[in-house]
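Remarks on the structure that follows.
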């Protein structure tokens, strides 16, 4: 889009009006924001003419006039409670409309090991902790929504796990969007730094009750040498809300990063997940499970960038589409010329439950090295009629047989999650949504 | 127990069962033998209610009910069991979970209490021992990664757990080595009682050395062309089906 067309962009105008607030911020941050809004002005909101947004039409978002979500919105205790994972011993923090709310943190949020930081991003901005981490993932130039987040974010979470510290409890970041008569934009920002030899389990849950609310999240994750980050993201926002997110991970030597993205909510949910190997020996797992029904659209775009030798990536995405639900999977694996001995696999499997459901899947491998092992593939299918007959021939009613097969289809993505209470909670969330599956709850 | 009268059924527009009559009384074991393509498996699936088969004529009465009016699962709940020739693999559904869901659906239909996990486990262990099944197969996904013999053994395990009034076993003996055949036969024999009936659909006389049938039928051209005692099976083994096939097409 040419600059002439963007001069009147409401976001650019909004940015200009906030100049005085920004002048209180550190110079480096002001410069980050300026670069970001310039980039956004250049990119504009994506349209279906953009290759990466071909199947995901965000015209409804572009049409809306958003205000920035205010701080300190009231929130009901039961809404926050709904985000928690039963029986999970976790360090919990609460983000409401993109703002860190220490006033709402459950009692579990105490006693972290020495040197571990799990706190408000806003305060990390002022004490200088963030300058070397924010906006440090190079592969973000084309992400218009991420640029918007950088231009406008006010808060979020900063997590730092010092060298060789192993967190024995997961950190659970619980995001809630409040309902509001106005269309509001929330811009939660997460920066996660796992220093060398450290270990972190990070859970993010995004929920909300409003309609016409836009969440534009960015998570930047730095995994130091021989460190490990396990990241589970559950998105169960209101089916009338919009959720756009970027997860940008950089891995140092022998680092491990696993991302499990479970996307069940929102009218439009778009996730850009990018993993970049900076040094040899890295290992990443990208798993995803999505369900779209009604008029929902769920889109995952993933990029794994093998730019150094001896790294491993494993990717498994599974989608279930019902009614007029629409799923999009676009998975790119780069194997650069110098990335010899890369070991990569990528699979996307989809289950279509209705005639009107749509899946667009595009696994892509770009290989420029010659000594690598790479595999990729995608399948689209319906419930196995033979399996359905077999179950029914054993007395199991058709509706239950269908639910069992759906759960069976989803299971291997969830079994990769080590924590039993978390896995059970995720399964329950899925079963709540799958047609007729609720009676399987807790029944294993 | 089971009465089939003048049954005609077709699949994909082709008539496969042609004027089939069969009567199986309570407590009887019948063997149905016949060449490939004669319609034996079609009979099994028509009885179980598989989609894709059209019954164009005839009646099937099972335990006093019109079997053809019932859905697949209703037939199972009424006490019909089909042992599949090719058991289906079901990824992501654990064998023990599947069996308990199945047993409880059937118990519920019979008006009996559902079994809780502990009680079921006790029953399952006992039945698994009967068919000499390694307990590790119980927690695996149904039939996934099972050998041919293990799948057949799993069918018999299901039958033993569900204790159907009528078990129709479709080539359960095919592809088994002698040890597996002995185990599978033992499982089948364990169901034999005045209250339970068994229909063995088989290709080979060998099974009938272990499970001695009360009646043997020769199946050719979509119907039963001759019935007799166990000696009929021996005669078939010796002389083959050629004479019956020409009789059926005549």
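Here are a few things to note about the model shown:
- Per residue of peptide A:396-403, the mean number of Cβ atoms on other chains within 10 Å of the residue Cβ is 4.
- Note on residue A:280 and residue A:72: the model spin-label points, each 7 Å out from Cα along the C-beta direction, lie 5.6 nm apart.
- Global geometry of region B:47-161, whether rounded, prolate or oblate, following the gyration tensor of its Cα atoms and the 1.5 cut on a/c: oblate
- With a Förster radius of 35 Å applied to the beta-carbon distance between residue B:132 and residue A:379, the computed FRET efficiency rounds to 0.45.
- Prolate/oblate/rounded label for region A:389-444 (Cα gyration tensor, a/c 1.5): prolate
- Other protein chain Cβ atoms within 10 Å, averaged over every residue that makes up B:46-54: 2
- FRET efficiency, 1/(1 + (r/R0)^6) with R0 45 Å, evaluated for residue B:6 and residue A:168 via beta carbons: 0.05
- Cα gyration tensor, chain A - rounded (a/c under 1.5), prolate or oblate: rounded
- Tilt relative to chain A, helix A:398-415 - C-alpha long axis, 0 to 90 degrees, to 10: 50
- With the simple model of a label 7 Å out from the Cα in the direction of the Cβ, residue A:338 to residue A:211 spans 5.3 nm.
- The listed peptides A:183-193, A:28-38, ordered by packing as a protection proxy, come out as A:183-193, A:28-38 (highest mean of other Cβ atoms within 10 Å first).
- Based on Cα contacts under 8 Å between residues 6+ apart, chain B shows a relative contact order of 27 percent.
- Pairwise label distance in nanometres, residue B:51 with residue A:112, each label 7 Å out on the Cα-Cβ vector: 5.3
- Each of A:352, A:221 was scored by other Cβ atoms within 10 Å of its Cβ. Listed from fewest to most, they are A:352, A:221.
- Within region A:1-131, the proportion of Cα pairs with more than 27 Å between them is 44 percent.
- Value of relative contact order over chain A, rounded to a whole percent, pairs C-alpha under 8 Å and six or more apart: 9
- Among B:69-76, B:157-164, sorting by the average number of other beta carbon atoms lying within 10 angstrom of each residue, highest first, gives B:157-164, B:69-76.
- Length available on full extension from residue A:48 to residue A:371: 0.36 nm per residue minus the Cα-Cα distance, which gives 112.6 nm.
- Packing rank of A:318-328, A:382-392, where each peptide gets the mean count of other beta carbons within 10 Å, highest leading: A:318-328, A:382-392
- Counting Cβ atoms of other protein chains within 10 Å of each residue's Cβ and taking the mean over peptide A:405-418 gives 2.
- Per residue, the average separation of C-alpha pairs within less than 8 Å and at least 6 apart gives region A:241-327 a relative contact order of 31 percent.
- Estimated [θ] at 222 nm from DSSP helical runs (n ≥ 4, -39500 (n - 2.57)) normalised by residues in the protein assembly as shown, nearest 500: -8000 deg cm²/dmol
Laboratory data are not the source of any read-out in this text; all were calculated from the coordinates shown. Every value quoted in this text rests on a predicted model; they were computed, and no experiment measured them. Neighbour counts run over all protein chains shown; Cβ positions are idealised from the backbone, glycine included.
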